[in-house]
Amino acid sequence: MKAETTEYTIGFMPIARTTFDIPLASERMGRVRQSLIQAGFILQGPEGLVTGLEEAAAAVAQLAGKPIDLLLLLQATFADSTMALQMAEKIDAPILLWALPEERTGGRLRLNSFCGVNLGAHALRRAKRFYDYVYASPGEAAALEKIRVLASAGKARRRLREARIGRIGEHPAGFDSCLFNPDKLKIRLGAEIVPCPLEQVFQMAREADPGKVEGLFDRLQAKVDGLHELDGAAVRGTLSAYLALRHLAEENRLDGMGIRCWPQFFTDLKCAACGAMSLLIDEGILCSCEADINGTITQIVLQTLSGGPAFGTDVVSFETDENLAVVWHCGLAPLSMADPAVKPRGTIHSNRLLPLLMEFSLKPGRVTVARLSEAEGEYRLVVGGGEMLRAPLSFSGTAGALRFDRPAREVADQIIGEGLEHHIAITYGDVVPELLALARILGMPVLRL
């Protein structure tokens, strides 16, 4: 299933008490609403002030069944915490409390918004519900950006709760970094794991329509050089595997897959899985090799936050004198991540000597790296950022020269000292604030790279 667009849906609930200045509260509420709409948010909920429990119940009913990324409780005036709690209990979304500043006039306290937010925050804290807040006038840029970050994180949380991930085969022996707990994933994040035997995929690939395979080969030649120089049967085997995996994903409504790629693809299907996964990732179906389910989940999060593809890679070396890390994988990175200065090539696996793999240097640009880690037995979110540099291809396959925001030596020490998993996920763009917000929403510790 493809990632959703970067539109964010907000449950907008303006709370007030009629003993305060309702005309002023309505005017401020209208300005807040308009600023959110102008910023591109989709608002769901009542258009007027909510001033009592019956109105709150009706407002909650309006949101029933709607995909809410963030519940925004605007404290248009002071009110006690009962309405805020009622909404929080019924709507499963992160909560943002908005308090409005009020000028000192020497006269009546007309809104008393901040004190209302204070009451709500206390009640939510006691109820163990996540919340954040802004204290801002309507339209303030910093407030709107904070809302965007939280809504983006809320969208990622919602996608995780709906995610279905195919596990195609078992992870290799000795690759404990690909271990996962399906029950814990379901309880903690909501993701559902759908097992599928490798042999089923192989049989589907063997039965793939030759016409579709040839059509795919012809289209791929426009994007990838060197296909005719490779073993034609093996290349078509990879493309047949792509068609099989894509059909499996569509049939089972999968957001991604963790695929046992070696040695079985080479020994049984006589081709590589890498090229098939590369094509699928560019279509929004996230794939990780070595049946790394937690890696696939990380990719789904990054894709949702960035709006672009994400892929899993190894960190294979550090050049501390140049403050660089080299990231590499056999050849499963999506073609959209290729440096546009050099056309990608089709190639063979460096050890198994069969195609189809994609070979290119990763394009330059800002990147975010992440990993859902279980290195200590409980979940942590590993988060980092850096700059992918334009550089010659470091090793055959897909590779990039990454300058982390921290010194390379510190990153290397962190990876080994913490015993982190050998796969990290990468996406282009800076979504570190969104990842940190997601970790807070999930109550998950963060480890910074």
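Here are some notes:
- Qualifying residue in region 101-112 (condition: outside any loop (DSSP other than H, G, I, E, B), modelled with pLDDT of 95 or more and either open to solvent by less than 70 Å² (accessible area, probe 1.4 Å) or of a type outside the set (Asp, Glu) (or both)): no
- Residue pairs whose Cβ atoms lie under 8 Å apart, separated by 6 or more positions or on different chains, with the first residue in region 88-110 and under 21 Å from Arg157 (Cα atoms) and the second among the polar types (S, T, N, Q) and modelled with pLDDT of 95 or more, are Leu97/Gln75.
- For region 165-183, taking the residues that are at pLDDT 90 or above and of a type in the set (A, V, I, L, M), the one that is nearest to Arg253 (Cα to Cα) is identified as Ile165.
- Annotation: Ala57 fulfils all but one of (1) open to solvent by 40 Å² or more (accessible area, probe 1.4 Å); (2) in a strand (DSSP E or B); the unmet one is (2).
- Selection within region 339-356 - hydrophobic (A, V, I, L, M, F, W, C), in contact (Cβ under 8 Å) with a residue 12 or more places away in the chain, more than 14 Å from Leu269 (Cβ to Cβ) and in contact with a helix residue (DSSP H, G or I) (Cβ under 9 Å, 6 or more places away or on another chain): Ile348
- Sole residue being over 30 Å from Gly237 (Cα atoms), open to solvent by less than 40 Å² (accessible area, probe 1.4 Å) and not aromatic (Phe, Trp, Tyr), chosen from Thr368, Thr347, Thr427: Thr368
- Candidate set: region 78-100, residues that are surrounded by 17 or more Cβ atoms within 10 Å (Cβ to Cβ) and among the β-branched types (Val, Ile, Thr); chosen: the one modelled with the highest pLDDT: Ile95
- Any hit, region 274-286, residues being assigned to a helix (DSSP H, G or I), farther than 20 Å from Pro309 by Cα and either of a type outside the set (Lys, Arg) or open to solvent by 10 Å² or more (accessible area, probe 1.4 Å) (or both): no
- Unique residue being assigned to a helix (DSSP H, G or I), touching a residue at least 40 places away in the same chain (Cβ under 8 Å), among the β-branched types (Val, Ile, Thr) and surrounded by 12 or more Cβ atoms within 10 Å (Cβ to Cβ) when the list is Val201, Val213: Val201
- Qualifying residue in region 194-204 (condition: touching a helix residue (DSSP H, G or I) at 6+ places or on another chain (Cβ under 6 Å) and farther than 22 Å from Pro355 by Cβ): yes
- Residue check for Ile193: among the hydrophobic types (A, V, I, L, M, F, W, C), open to solvent by less than 10 Å² (accessible area, probe 1.4 Å) and either at pLDDT 95 or above or within 24 Å of the chain's Cα centre (by Cα) (or both): no
- Unmet criterion (only one of (1) at negative phi; (2) open to solvent by 40 Å² or more (accessible area, probe 1.4 Å); (3) part of a loop (DSSP other than H, G, I, E, B)) for Gly40: (1)
- Residue match in region 328-345 (condition: aromatic (Phe, Trp, Tyr), within 29 Å of Gln221 (Cβ to Cβ) and in contact with a Phe, Trp or Tyr (Cβ under 9 Å, 6 or more places away or on another chain)): yes
- Of all residues making up region 391-449, the number that are in contact (Cβ under 8 Å) with a residue 24 or more places away in the chain and either in a strand (DSSP E or B) or of a type in the set (D, E, K, R) (or both): 23
- Thr304 meets the conditions (1) closer than 24 Å to Ala173 by Cα; (2) hydroxyl-bearing (Ser, Thr, Tyr); (3) in a helix (DSSP H, G or I) in every case but one. The failed one is (1).
- Taken over region 64-77, the criterion of being surrounded by fewer than 22 Cβ atoms within 10 Å (Cβ to Cβ) and either touching a Gly at 6+ places or on another chain (Cβ under 9 Å) or free of Cβ contacts under 8 Å to residues at least 60 places away in the same chain (or both) is satisfied by Ala64, Gly65, Lys66.
- Any chance Gly237 is touching a Ser or Thr at 6+ places or on another chain (Cβ under 6 Å) and assigned to a helix (DSSP H, G or I): no
- Take the conditions (1) open to solvent by less than 10 Å² (accessible area, probe 1.4 Å); (2) hydroxyl-bearing (Ser, Thr, Tyr); (3) within 24 Å of Thr304 (Cβ to Cβ); (4) more than 20 Å from the chain's Cα centre (by Cα); Ser152 misses just one of them, which is (4).
- Annotation note: of Gly346, Gly331, Gly377, Gly365, the sole residue that is more than 26 Å from Leu198 (Cα to Cα) and touching a strand residue (DSSP E or B) at 6+ places or on another chain (Cβ under 8 Å) is Gly365.
- Filter pass, Thr267 being open to solvent by less than 10 Å² (accessible area, probe 1.4 Å) and either part of a helix (DSSP H, G or I) or modelled with pLDDT under 95 (or both): no
- Only residues that are out of contact with any helix residue (DSSP H, G or I) (no Cβ under 6 Å at 6 or more places or on another chain), touching a residue at least 60 places away in the same chain (Cβ under 8 Å) and outside any loop (DSSP other than H, G, I, E, B) were counted in region 11-31, giving 5.
The values are calculated or read from the model by the stated rules, or taken from the named source; none is laboratory data. Model, not experiment: these values are computed from the prediction. Counting neighbours? That spans all protein chains shown, and the Cβs are built from the backbone with ideal geometry, glycine included. Protein only, heavy atoms only, side chains kept; ligands, DNA and RNA dropped before computing areas. Shrake-Rupley method; radii C 1.70, N 1.55, O 1.52, S 1.80 Å.
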